[in-house]
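Worksheet: one structure, shown below.
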Amino acid sequence: MKKRSNEYGAALVMTLMIITLLLLFIMTLLFQITNTTKQVTTMEKNIVAEQIAQMGVDYFRTYIDSIIPDTINDVEQIENLAIQELNLIELDVNHKFWIESEAPTSITDNEVVIEFTSFGEANGKKESIQSSIKIQLESGDN
């Protein structure tokens, strides 16, 4: 006598369930990897834009240092300097910075403050850094 079992389709159903669960796991993992990659790319662009803006701050400080004479006794010497906006400086196609500044914003008897904003752009992401430069005036009492 042959024993017949009613389990002929059970292996197929189990195989289909395992394949479905594996596909769900792989699709979830793929979604997480894609999302993380986008986040990392965005953060990298923001960090590079901020670093370029900081480079603009350093550039402007060096620029101001190079145009200011070694000895300054009078505020008018600073007001007469050509402190202006530095136009767009392109490092390459996707990386650039520019500086926006105004005339000296704070003038006292012994100090002049120049406030400015450096803008950095990397791959379409923009960051800005506000900074200031303090210039000490020498007193004429020597």
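Among the candidates K3, K96, K38, K45, the residue that is modelled with pLDDT of 90 or more and outside any helix (DSSP H, G or I) is uniquely K96. For region 73-84, the criterion of being at pLDDT below 90, surrounded by fewer than 10 Cβ atoms within 10 Å (Cβ to Cβ) and under 29 Å from K126 (Cβ atoms) is satisfied by at least one residue. One residue stands out among those in region 99-126 that are more than 15 Å from Q51 (Cβ to Cβ) and touching a Phe, Trp or Tyr at 6+ places or on another chain (Cβ under 8 Å): the one that is modelled with the lowest pLDDT, which is E102.
The values are calculated or read from the model by the stated rules, or taken from the named source; none is laboratory data. Bear in mind that the values here come from a model prediction, so they are computed numbers and not experimental data. A quick note on method: Cβ atoms are made from the backbone with ideal geometry, for glycine too, and the neighbour counts reach across all protein chains shown.
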